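The values are calculated or read from the model by the stated rules, or taken from the named source; none is laboratory data. Predicted, not measured: the structure shown is a model, and the values here were computed from it. Glycine gets a Cβ as well: all are built from the backbone with ideal geometry, and neighbour counts include every protein chain shown. The area values use the complete protein model at the heavy-atom level, side chains included, leaving out ligands, DNA and RNA. Shrake-Rupley method; radii C 1.70, N 1.55, O 1.52, S 1.80 Å.
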Amino acid sequence: MSDPRPLQTLPVYRAEFLRVVNGANLGDPLSYAQELIHDDVYRLSPVAATAALGILTAATPPFRVAEHSEIGTPGAALHLDCCVTFMSGDGQTTECLVIVETDAEDDIAAIYVLPLAPMQPQADYVLVGVNETNALQRFAQIACVSFTQGTMITMASGAQRPVEELQVGDKVLTRDDGPQEIRWIGHQTTRAVGAFAPICIRAGTLNNTGDLVVSPDHRLFIYQRRDRLGAGRSEILVRARHLVNGTSVVRLNGGFVDYYQMLFDRHQIIYAEGIAAESMLVDSRTRAVLPDDLDDELQQLIPGHRRSDHRGLEVNEALLNRPDAAELLRKSSGG
């Protein structure tokens, strides 16, 4: 039986790969907030490689290392310690989340670094900021499923409307519950790099009418008339980033992107560019993006979202690790 808690898989570096080459902590790896010193210069090792950290989230921190995580001790506690900001020689800033794993005695067992934008080996990065209050919010922004500006959403009337024109109270067509009112709309503008670079599914790739551009972990709903993928069921959810093939599904790196989230009473499957995609799911990963004045309403929404997150439909990444995955899904859905 699968674990019912939300699962997030993140590409992280071990802290030992990012060390101080000039400054007060010379030779030390990146550490937790209280050990960090501004203006220390860090460098990523030329042999640095990311590993997949599987994170199980809970109603309250800490998170836990997932059973099949590539790195870390399954079941161990994970703490989002801080968000650090580096500046490179060309003046660009790069944020990283510092994640601390602790053992049963609450001692530090390992420290991981999640860059929110690509980092280059052998380049120098000056530590210019340490924020101990926004790490959960930045993590939530990664976990949120978001549509980009211009995405056409199917309304209850059947009309198509750009996501940026939607308002709270508008009724959107949902797959399972018919017309549903939007309870909240979120909007952030962020650099389209690393974990925040959107995925573009070209028009027609999944029988979508126009280019569908979404956040990397956005899940798309596919009804398979024939199970060409080997998922063992007709209804499946696939994450956009698992379909990237460099041609019909691509990652759009560079510049800035406007992300929009839609919240309903329950987690819903709606229609964007003519195909089915999920709305925002409220759980312990994503709730930090919501404004404080929604707290009371949020408590009422969480039980409904927990019962309707469609987790059992998600396809294992291994089944999608093939260049023709998007084409198979298009054919399986009757296109």
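GNM on the chain, alpha-carbon springs under 10 angstrom: the most fluctuating residue among GLY274, GLY169, GLY194 is GLY169.
Per the Kirkwood formula on distinct C-alpha pairs, the Rh of the chain is how many angstrom?
20.9 Å
Direction-averaged projected area, Cα convex hull, region 116-214: 9.1 nm², rounded to one decimal. Only Cα pairs under 8 Å and 6+ residues apart enter the sum, and on that basis the relative contact order of region 1-139 stands at 26 percent. Non-local amide H neighbours of LEU44 (under 5 Å, H modeled in plane, Pro and chain starts lacking H): which ones? Counting only residues 5 or more places away or on other chains, the set is GLN122, ALA123. Computed from point charges on the beta carbon alone (+1 for Lys and Arg, -1 for Asp and Glu), the dipole magnitude for region 37-164 about its Cα centre is near 660 Debye.
Could you give log10 I(q)/I(0) at q = 0.15, 0.23 Å⁻¹ for region 155-206, computed by the Debye formula over C-alpha point scatterers of equal weight, without solvent? With one equal scatterer per Cα and no solvent, log10 I(q)/I(0) is -0.64, -1.00. Helix content alone sets the calculated 222 nm mean residue ellipticity of the chain: runs of n ≥ 4 DSSP H residues at -39500 (n - 2.57) each, divided across all residues, give -2500 deg cm²/dmol.
What net charge is computed for the residues neighbouring THR189, neighbours being all others with C-beta under 13 Å from the C-beta of THR189, Lys and Arg scored +1, Asp and Glu -1?
On the way: positive: ARG191; negative: GLU164, ASP258.
Charge balance near THR189 sits at -1.
Taking the chain as a Gaussian network of alpha-carbon nodes connected by springs under 10 Å, the highest mean-square fluctuation of the residues PRO179, PRO115, PRO198 belongs to PRO179.
Probe of 1.4 angstrom, ligands and nucleic acids ignored: what's the accessible area per residue over the chain, in square angstrom?
Values: 15060 Å² over 335 residues.
Per-residue value: 45 Å².
Using the Cβ atoms and a cut-off under 13 Å, what net charge is assigned to the surroundings of VAL249, where Lys and Arg are +1 and Asp and Glu are -1? Don't jump to the answer; show the numbers that get you there.
On the way: positive: ARG202, ARG239, ARG241, ARG251, ARG322, ARG330; negative: ASP211, ASP324, GLU327.
Neighbourhood net charge equals +3.
Not counting ligands, DNA or RNA, and with a 1.4 Å probe, what is LEU237's accessible surface area in Å² rounded to the nearest 10? That residue has around 0 Å² of solvent-accessible surface. Using the Cα coordinates of region 87-132, the gyration tensor eigenvalues translate into equivalent-ellipsoid semi-axes of 27, 11, 8 Å, sorted from longest to shortest.
I need the semi-axes of the equivalent ellipsoid of region 169-268: take the C-alpha gyration tensor, multiply each eigenvalue by 5, square-root it, list largest first in whole angstrom. Provide the component values of the computation, followed by the final result.
Numbers: eigenvalues 103, 100, 24 Å².
Over the Cα atoms of region 169-268, the ellipsoid semi-axes are 23, 22, 11 Å.
Share of region 149-259's accessible area from carbon and sulfur, percent, 1.4 Å? Write down the numbers at each step before the final one.
Numbers: 2180 of 4870 Å².
Whole-percent figure for carbon plus sulfur exposure: 45.
Subtracting the Cα-Cα distance from 0.36 nm times the residue separation, let me have the gained length for ASP265 to ASP177 in nm, one decimal. Write down the numbers at each step before the final one.
Numbers: separation 88, 0.36 × 88 = 31.68 nm, distance 1.07 nm.
Working it through step by step, the gained length comes to 30.6 nm.
The heavy atoms of LYS331 offer some 90 square angstrom of accessible surface to a 1.4 angstrom probe. Counting only Cβ charges, +1 for Lys and Arg and -1 for Asp and Glu, the dipole size of the chain around its Cα centre is about 1600 debye.
Just add up the charged neighbours of LEU166: K/R +1, D/E -1, any other residue whose Cβ is under 14 Å from the Cβ of LEU166.
Numbers: positive: ARG161, LYS171, ARG183; negative: GLU164, GLU165, ASP170, GLU181, ASP258.
Here the charged neighbours net out to -2.
Its residue count N sets the reference 2.2 N^0.38 Å, and the alpha-carbon radius of gyration of region 1-115 equals 1.11 times that reference.
Residues within the reach of a label modelled at ARG251 (point 7 angstrom out along Cα to beta-carbon, backbone nitrogen below 16 Å), restricted to region 182-215, are 191-201, 214-215.
Please list, by residue number, everything in region 118-158 whose backbone N is under 14 Å from a paramagnetic label point 7 Å out along Cα→Cβ of ALA24. The answer is 127-130. If the elastic network links every pair of Cα atoms under 10 Å, which of THR174, THR209, THR151 fluctuates the most in the Gaussian network model of the chain? Comparing THR174, THR209, THR151 in a Gaussian network model of the chain, the most mobile one is THR209.
To the nearest 10, the accessible area of GLU132 is 120 Å² with a 1.4 Å probe.
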